[in-house]
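The values are calculated or read from the model by the stated rules, or taken from the named source; none is laboratory data. Just so we're clear, the structure is a prediction, and the values are computed from it rather than from any experiment. Cβ placement follows ideal geometry from the backbone for every residue including glycine, while neighbour counts extend to all protein chains displayed.
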Amino acid sequence: MVNLKEKSKKRKSIVWIVLSTFFMIATLSVLVYFLIFLIRNGINAISWDFITDIPRKNMTEGGIFPAIVGTFYVASLTVLISVPLGISAAIYLNEYASQSLIVRLIRLSIRNLSGVPSIVYGLFGLGIFAATLGLGTSLLSSALTLAIMSLPWVITASEEALKAVPNSFREAGLALGTTKWQTIRFLVLPYALPGMATGSVLALARAAGETAPIILTGAAFFLPHLPRSVNDRFMALPYHLYILATQHNRLDLVRPLAYGTALVLIAMVLLLNMIAIVLRYRARKKQEW
Amino acid sequence: MNESNREELKSRIKQDSHKQNLSNFFIEKIFLICGVLTIVFLGLIVWFLISKSWPAISEIGLREFLTKTRWMPSSPIQAGYGALSFIVSSILVTVGALIIGVPWGIFTAIFIAEVAPTRIKEVLKPVVEILGIIPSVVYGFIALLIIAPKVAQLFGLSNGLTALTGSVILAVMTLPTIVSITEDAIKSVPKDYREASYALGVGKWDTIIHVVLPAASSGILAAVMLGFGRAVGETMAVLMAAGNALNMPIKEIFNIPLPTLLQSVRTLTANIAIEGSDVPWGSLHYHSLFVVGLILFVITFIVNIIADLMLTKFQKVNKNG
Amino acid sequence: MDKRIIKVNDLSLWYGKTQALQNISLDIEENEITAIIGPSGCGKSTFLKTINRMVEIIPSVKIEGSIRLFDENIYDDSINLVNLRSIVGMVFQKPNPFPKSIYENVAYASKRHGIRDKAKLNEIVEKSLKQAALWDEVKGRLNESGFSLSGGQQQRLCVARALANEPQVILMDEPTSALDPIATGRLEELIQNLKNKYTVVIVTHNMQQAARLSDKTAFFLSGKMVEMDITNKIFTNPKNKKTEDYITGRFG
Ligand SMILES: Nc1ncnc2c1ncn2[C@@H]1O[C@H](COP(=O)(O)OP(=O)(O)OP(=O)(O)O)[C@@H](O)[C@H]1O
Ligand SMILES: [Mg+2]
């Protein structure tokens, strides 16, 4: 009797172990399969010309240089706007705020902003920046839209970085007769900076991979030149991939280019993430407290 | 200490600090403004969605949007503004994604939390996170080239771009969310629960099934809700995978209309992406796209609020426990 | 001349609704070491932090009564908080140097207070480190991190950091509790020497330490000051029964 019970118990635990192992392997296989698929098919398309040339012959030949540059521009501009704002908001929340109504509202807003679908940001950016404020569909409209979208990411990462700075630095600073701002400026920010940089690079990577918001606010199907100002439209890697994959009238002809674009895009995003990890790792190693 | 020294110290203590206080006050206010901007942005999003929707809602009526299925906003003869098929499609694709992704994610999380040795765990977590950093347009591309042909082949369809294809790719995309939050939830179940159970002679897996998972259930539910929010708001992958046909994903079997995953569908997000880039600004069509956006916003807002409540509840219960 | 540099009068303090200090009145004299003893949670640290108003960084704190420094009520609205905290320095329980060089640790406050002149800064750093009895040990490695020092050295660095402000009063909250006996001995020696120039208020759990170091001792119990007197008297002939119980270890 006892033996039987023991047996069924054992069987049950084996079922659970097998099931969870199976799904774990499934997760890993999918990731590996996707990556290998992209690399195997994309690697042949990649060449120096592919990276540095403009698209030619109705995009069936040539490279993706304007899309790379456009993505670089829009992601950089995004981070340039959202990082100062996000860090400042995080400083308020972590260094100044007490438990007031306004703080609760700010936190609620951040949580809600991070749940708004990217296409809704696109619609919003179209409505406010492009149409109402008259910026048109442009690099600036897209960057502003992406900046608002990435604000919650930057704030969350920055707050974490601030929280990691020991309170004893702040106490010691104030007790030495320096002002609150001096304490933040000289005893908190320098030590939160590596964490903030990590968060910003991650935000950059995510912004660079976003498509939906820029479709509505400024990404161009094809431009023979690079954007000359923030009021120009721009080509972007993710949008370019979307076009090559589904919108082109000769899908069969551009497929190799689409593979190449996908590989460049994912390599760029992974590279940025790796930079962020290295930044974090180096900061941790240097950290003395 | 002599008298003059004392007087000097006195005057230092009483030295006017207005200028210093004022500049610190302004610095604080600048940071406060940056924080308040998040409220402003959320408010602006809501206000823009509503005010830009309003012309369409007042002229056409919300009812047509929510109950009709004919979407022909640019038809010069008889325009139609029924967005019901988008709503149904969005929910269908999302539910399909969760049916696949939830067990997948939960078991993966169980593996990471309970089966994997610590050192492997530390490798697995960031590896799963890679799934979360792949841009959605790349997922769409993969769905188009890998999943769609498989679906077509498996179900004998001429075109593999169906709701199911969207669901499968969305399932993969929601995995990191579901895995990490579920794993957190399992991990943060208080140790006492387990120990009490072990002390009663209950085995490890019985404890996990009957004690740990129920204790983590509101956290896991939150993970599911967040996964729902993420999937329903996802644009590029469904846009590229699900075919975008304007129809209700309904099939009649023995005269009973049943939802089907094997049709081409167009979701709320996909419709905005398709029509939003070349719609004439200020037209009724333009405003009607904001109505679609508003519907999407309301759905995600509600889902995220529920997820939030679940997480708060989970954290509270665990604090007491 | 009045030797009483600090006069605490009827001081009460609340954290939210819970009262942590009740009607404390006591005087602290110049160039003396005043020890504050009492069981855990009796409000020693809280009291210490009211003297440089550091207690106010906790938002829920409410304070009544007054503390006079040179006969100026430091809780007056017109008080310059930054200058007050320069004049009333503080050393914390755990050594908490900044992750900066030894030099930068000591020069930190002076720089913030606008001293730019390199020679002047060098002078301040050297003088402070000498006073903190650390100069000989670190003079060749001023550019190394403060964290490269031992625990006892770190604590003396924190003393030097406070001394750079040329304070009048130094508050110390169990400064030796994180140190080994040898480092404790050296810090006690330092504190003894500090009294020639400064006024020291030290919180300690260690009664021998209070007996060894201090001129006056105040005994706190659940937010009230039970008794304050010349240290010798407190430890040999206390007036209050509760004080006697505590110092003879019969407490609780
Ligand atoms: N930040 C705070 N918020 C609320 N209550 C506090 C806070 N800090 C201290 N208290 C309470 O005030 C009382 C006095 O605390 P305090 O730290 O001054 O005691 P202490 O005598 O220094 O104790 P110890 O010897 O353990 O350091 C305690 O009951 C404590 O719980
Ligand atoms: Mg204390």
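Kindly establish whether A:A245 is over 20 Å from A:L77 (Cβ atoms), facing chain B (nearest Cβ under 9 Å) and either among the charged types (D, E, K, R) or touching a helix residue (DSSP H, G or I) at 6+ places or on another chain (Cβ under 8 Å) (or both). So A:A245 fits the description; yes.
Condition check for C:T176 on (1) closer than 18 Å to C:N31 by Cβ; (2) in a loop (DSSP other than H, G, I, E, B): one failure, at (1).
For every residue, the table says whether it meets (1) touching a strand residue (DSSP E or B) at 6+ places or on another chain (Cβ under 9 Å); (2) away from ligand 2 (no atom under 16 Å from the Cβ); (3) of a type in the set (G, A, S); (4) within 16 Å of C:I36 (Cα to Cα).
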| site | (1), (2), (3), (4) |
| --- | --- |
| C:C158 | yes, yes, no, no |
| C:D173 | yes, no, no, yes |
| C:I191 | yes, yes, no, yes |
| C:V200 | yes, yes, no, yes |
| C:A211 | yes, yes, yes, yes |
| C:G223 | yes, no, yes, yes |
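Candidates B:T38, B:T94: the one that is at pLDDT 95 or above, more than 28 Å from A:L35 (Cα to Cα), surrounded by 17 or more Cβ atoms within 10 Å (Cβ to Cβ) and among the polar types (S, T, N, Q) is B:T38. In the range A:189-227, the qualifying residues are those that are of a type in the set (S, T, Y) and under 19 Å from A:V278 (Cβ atoms), and the one that is surrounded by the fewest Cβ atoms within 10 Å (Cβ to Cβ) is A:Y191. Considering (1) crowded, with 17+ Cβ neighbours inside 10 Å; (2) among the acidic types (D, E); (3) in contact (Cβ under 8 Å) with a residue 24 or more places away in the chain, the lone condition that B:E64 does not fulfil carries the number (3).
Checked against the criteria, A:Y92 counts as under 30 Å from A:T183 (Cβ atoms), surrounded by 21 or more Cβ atoms within 10 Å (Cβ to Cβ) and aromatic (F, W, Y). Among the residues making up the range A:95-118, those that are more than 7 Å from chain B (Cβ to nearest Cβ), in a helix (DSSP H, G or I) and of a type outside the set (A, V, I, L, M) are A:E95, A:R104, A:R107. If the condition is being within 14 Å of chain A (Cβ to nearest Cβ) and either in contact (Cβ under 8 Å) with a residue 60 or more places away in the chain or touching a Ser or Thr at 6+ places or on another chain (Cβ under 8 Å) (or both), then the range C:126-146 contributes C:E144, C:S145, C:G146. The requirement of being more than 14 Å from chain A (Cβ to nearest Cβ), away from ligand 1 (no atom under 16 Å from the Cβ) and under 27 Å from B:R12 (Cα atoms) is satisfied by C:N196.
Whenever a residue of the range A:101-114 is touching a residue at least 60 places away in the same chain (Cβ under 8 Å), it has no partner that is aromatic (F, W, Y) and surrounded by fewer than 16 Cβ atoms within 10 Å (Cβ to Cβ) lying with C-beta atoms less than 8 angstrom away and at least six residues away or across chains.
With respect to (1) modelled with pLDDT of 90 or more; (2) of a type outside the set (K, R); (3) under 30 Å from A:F65 (Cα atoms), the lone exception for A:I184 is condition (3).
Table: residues versus (1) over 22 Å from B:S90 (Cα atoms); (2) crowded, with 24+ Cβ neighbours inside 10 Å.
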| residue | (1), (2) |
| --- | --- |
| B:L175 | no, yes |
| B:I186 | yes, no |
| B:V202 | yes, no |
| B:S217 | yes, no |
| B:T235 | no, yes |
| B:N244 | no, no |
| B:I256 | no, no |
| B:T260 | no, no |
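One residue stands out among those in the range C:110-125 that are free of Cβ contacts under 8 Å to residues at least 12 places away in the same chain and facing chain A (nearest Cβ under 9 Å): the one that is surrounded by the most Cβ atoms within 10 Å (Cβ to Cβ), which is C:R112.
Yes/no matrix, rows are residues, columns are (1) closer than 30 Å to B:T300 by Cβ; (2) without any contact (Cβ under 8 Å) to a residue 60 or more places away in the chain; (3) within 9 Å of chain A (Cβ to nearest Cβ); (4) touching a strand residue (DSSP E or B) at 6+ places or on another chain (Cβ under 6 Å):
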{"site": "B:S11", "(1), (2), (3), (4)": "no, yes, no, no"}
{"site": "B:Q15", "(1), (2), (3), (4)": "no, yes, no, no"}
{"site": "B:I30", "(1), (2), (3), (4)": "no, yes, yes, no"}
{"site": "B:V40", "(1), (2), (3), (4)": "yes, yes, yes, no"}
{"site": "B:K68", "(1), (2), (3), (4)": "yes, yes, no, no"}
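Screening B:S53, B:S90 for residues that are under 30 Å from B:W281 (Cα atoms) and in the same structural domain as B:L175 (by TED's automatic domain parsing) leaves exactly one candidate, B:S90.
Just one of the listed residues (A:V69, A:V83, A:V18, A:V30) is outside the structural domain of A:N167 (by TED's automatic domain parsing) and more than 26 Å from B:A143 (Cβ to Cβ), and it is A:V18. Listed by position, the helices (runs of 4 or more DSSP H) inside the range A:126-230 whose residues that are facing another protein chain (nearest Cβ under 7 Å) and among the aliphatic types (A, V, I, L, M) number at least 2 are A:139-163, A:167-175, A:212-217. Within the range C:31-40, how many residues turn out to be within 22 Å of C:E72 (Cβ to Cβ) and near ligand 2 (Cβ under 9 Å from one of its atoms)? Of the residues in the range C:31-40, 0 are within 22 Å of C:E72 (Cβ to Cβ) and near ligand 2 (Cβ under 9 Å from one of its atoms).
Starting from residues that are farther than 18 Å from B:D16 by Cα and touching a Ser or Thr at 6+ places or on another chain (Cβ under 6 Å), keep the ones in the range C:56-86 and report whichever is surrounded by the fewest Cβ atoms within 10 Å (Cβ to Cβ). Per the criteria, the residue is C:P59. Within the option set C:G43, C:G89, C:G114, being out of contact with any Ser or Thr (no Cβ under 7 Å at 6 or more places or on another chain), within 16 Å of ligand 2 (Cβ to nearest atom) and not polar (S, T, N, Q) holds for one residue only, C:G43. The set of residues in the range C:160-193 that are within 12 Å of another protein chain (Cβ to nearest Cβ), more than 16 Å from ligand 1 (Cβ to nearest atom) and among the aliphatic types (A, V, I, L, M) comprises C:A160, C:A162, C:L163, C:A164, C:V169, C:I170. The C-beta contact set for the range C:147-171 (first residue closer than 18 Å to C:R53 by Cα, second residue among the polar types (S, T, N, Q) and in a helix (DSSP H, G or I), distance under 7 angstrom, 6+ apart or interchain) comprises C:N165/C:S86; C:P167/C:S86. Out of the range C:70-109, which residues are more than 20 Å from C:F147 (Cβ to Cβ), touching a residue at least 40 places away in the same chain (Cβ under 8 Å) and of a type in the set (F, W, Y)? Within the range C:70-109, just C:F70 meets the criteria.
Is at least one residue of the range C:75-95 farther than 28 Å from C:V61 by Cα and more than 14 Å from chain A (Cβ to nearest Cβ)? The answer is no; no qualifying residue exists.
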